[in-house]
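J.: Take this structure first; my questions come after.
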Amino acid sequence: MGIFKRLSWFFKQEKKSYLVGIGALIIVALLQLIPPRIIGIVVDEIEMGIITQESLLTWLLILASTAIGQYVLRYLWRVRIWGNAAKLEQIVRKQLFDHFTNMDNEFFQKYRTGDLMAHATNDLRGLRMVAGGGILTMADAISVGLTTLLAMIFIVDWRLTLLAIIPLPLLAMTSRVLGQKLHLRFRDAQAAFSHLNDKVQESIQGIKVIKTFGQEKEDIEQFSKQTDNVVEKNRSVYKIDSLFDPAITFIMGISYFLTILVGGWLISGGEISVGDFVTFINYIGMLVWPMFAIGRLFNIIERGSASYDRIENLLREETSIVERQGAIDRPVTGELSFELDSFSYPDEEGTTLKNIHFTLEAGGTLGVVGKTGAGKTTILKLLLREYDGYKGRIRYGGYDIRDYTLDALLKHIGYVPQDNYLFSDTIRENIRFADPSLSQEAVEAAAKLADIHEDILAMPNGYDTEVGERGVSLSGGQKQRISIARAILINPELMILDDSLSAVDAKTEESILSGLKELRRGQTTIIAAHRISSVMHAEEIIVVEDGEIVERGTHNSLLEQDGWYKDMYEQQQLVRELEGGEV
């Protein structure tokens, strides 16, 4: 029953609503006592020959009134109790979503998307059943069970009642043992479902790669193994779950046996009437539901408890990116100073970055180049405060970026990442994502600067074209340019282009960079790229290799150093000449 204590915060919040629902349940339980007693009375009147048309009609009217009363009250408790259960699901789902949006990269590296989705769907259903079916079952079982037992004692015979409840302690012991086993097995079943979710999500997102390499058969086999595992885990749950009903039926069968044996003896001795015995048998029949409800209650509790364990484990996770008390909330501006001694990714051995020192004047442009895996994107991640655990300081406007609020920092940085994420919406809404109130004219102006306007007009629905999930209907270059337009539209103090021109041709790249240079006079820009042409006009260029700066200077001064930069520039120039020759 610990799950009810852990959810006490919600039950206190919805106390009035639950009291109304449980009150209606109790009244229904009392009304249910009336029909068996009326049947017993009618049986006795028939046996004694005193039944009349008027008395039979009276009893029938009472039965009809009882039925109508139960109908109304059952509607009331369903609305109250199940309505509260849906409200709990809504509250916890919002807690989870808020928690997800506040967590850092470490959290999303630890938990995969499919696993998080399973927590936000399957586990919440288990929790909803506790607040709905659990409360209902417990209140109903207690109210029906107690009122029925009291009626059996005071209306019929206390001796028969004692005999009927002798087997009940055995039921409690059985339910406890089975409930503990059910908790463990259901937890494993939920984990298996999470892994299946991961697999499905990964396969759908990577379907193009799977088809390209002809791995459909192998992927289906992996999916089948995951599905078989889920089925097996759930089968183990149902094996335990299916033991509840037979156990309860057997125990109730003992009660019936003892009641018939002793009841027949009491009737033959004239101590109770046939009508009393019929009433008592009906009351035992009414006890069957509370007994089954106990088994069902243990099932609901253990499933809900396992689900809430998993949800609480998620909610206990803490982000390492925390705003300091009294953090600066004015927009960032001024000089950017990178004074990094060393940085290592959490749970990874070795140093990712070391001795990264540079200063970027306000309104200047910095180029960051280097081969894949050199550490370019990691530098930008630290600037965006995706990680705070590093040695050294990063200053913006003379203040450590960790002294700013996240809004003050991030809302004034326009970041275009390598992986250009577009939402399943129209092109217009993707471009004005940061501010949906912006006009069509502003959207088109940003699209023109990103050299995507003409492409959009050529599409069937123009700016109303739906891009599909993650922009699946667009080419890589189109996605990059829409992402650039999205960043341009917020007019950020600092714009970061992280290899975001790699999928466009040289002419388009030159057009975009020229437009940005003109637009962003007096504003700061950082361009990380593999292509030298993307950074050659920057005031300073740094070359990163194995997490360190190995070369720095202007384009011309780097060409004079006869290092990696010069070699890469000459290679790329040769490629451009060959491509130009072919054209």
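The values are calculated or read from the model by the stated rules, or taken from the named source; none is laboratory data. Owing to the predicted nature of the structure, the values given are computational and were not obtained by experimental measurement. A quick note on method: Cβ atoms are made from the backbone with ideal geometry, for glycine too, and the neighbour counts reach across all protein chains shown.
J.: Please state which one of 96, 63 is without any contact (Cβ under 8 Å) to a residue 60 or more places away in the chain and aliphatic (A, V, I, L, M).
T.: Being without any contact (Cβ under 8 Å) to a residue 60 or more places away in the chain and aliphatic (A, V, I, L, M) holds for just one of 96, 63, which is 63.
J.: State which residue is farthest from residue 404 (Cα to Cα) when the search covers only the range 330-347 and only residues that are of a type in the set (Asp, Glu) and at pLDDT 90 or above.
T.: Per the criteria, the residue is 341.
J.: Moving on. I'm trying to understand the selection: among the residues of the range 88-118, which are in contact with an Asp or Glu (Cβ under 7 Å, 6 or more places away or on another chain), crowded, with 17+ Cβ neighbours inside 10 Å and either at pLDDT 85 or above or over 16 Å from residue 191 (Cβ atoms) (or both)?
T.: 103, 104, 107
J.: Being of a type in the set (A, V, I, L, M, F, W, C), touching a strand residue (DSSP E or B) at 6+ places or on another chain (Cβ under 8 Å), in a strand (DSSP E or B) and under 30 Å from residue 350 (Cα atoms) narrows it down to one residue among 558, 497; which is it?
T.: Going through 558, 497 in turn, just one is of a type in the set (A, V, I, L, M, F, W, C), touching a strand residue (DSSP E or B) at 6+ places or on another chain (Cβ under 8 Å), in a strand (DSSP E or B) and under 30 Å from residue 350 (Cα atoms): 497.
J.: So which of 91, 81, 3, 38 ends up being of a type outside the set (Phe, Trp, Tyr), outside the structural domain of residue 273 (by TED's automatic domain parsing) and touching a Phe, Trp or Tyr at 6+ places or on another chain (Cβ under 9 Å)?
T.: Just one listed residue meets the conditions, 3.
J.: So, one more: Report, ordered by the first and then the second residue, all pairs with beta carbons closer than 7 Å, sequence separation of six or more or different chains, a first member in the range 437-453 that is at positive phi, and a second member that is part of a helix (DSSP H, G or I).
T.: Filtered contacts from the range 437-453: 451/481; 451/508; 451/511; 451/512.
J.: Can you spot a residue in the range 99-107 that is among the aromatic types (Phe, Trp, Tyr), in a helix (DSSP H, G or I) and either closer than 19 Å to residue 316 by Cα or touching a strand residue (DSSP E or B) at 6+ places or on another chain (Cβ under 8 Å) (or both)?
T.: Yes, the range 99-107 contains at least one residue that is among the aromatic types (Phe, Trp, Tyr), in a helix (DSSP H, G or I) and either closer than 19 Å to residue 316 by Cα or touching a strand residue (DSSP E or B) at 6+ places or on another chain (Cβ under 8 Å) (or both).
J.: Regarding residue 163, is this residue out of contact with any Leu (no Cβ under 7 Å at 6 or more places or on another chain) and either farther than 21 Å from residue 307 by Cα or part of a loop (DSSP other than H, G, I, E, B) (or both)?
T.: no
J.: Consider residue 440 against the criteria (1) modelled with pLDDT of 90 or more; (2) touching a helix residue (DSSP H, G or I) at 6+ places or on another chain (Cβ under 9 Å); (3) within 30 Å of residue 334 (Cβ to Cβ): it satisfies all of them except one. Which criterion is unmet?
T.: Answer for residue 440: the failing condition is (3).
J.: A further question follows. Identify the residue in the range 465-486 that is charged (D, E, K, R) and within 30 Å of the chain's Cα centre (by Cα) and, among all such residues, is nearest to residue 516 (Cα to Cα).
T.: Result: 486.
J.: Let me ask another. Condition check: outside any helix (DSSP H, G or I) and out of contact with any Pro (no Cβ under 9 Å at 6 or more places or on another chain). Does residue 51 satisfy that?
T.: Answer is yes for this residue.
J.: Are any of the residues in the range 438-457 in contact with a strand residue (DSSP E or B) (Cβ under 7 Å, 6 or more places away or on another chain) and within 30 Å of residue 108 (Cβ to Cβ)?
T.: no
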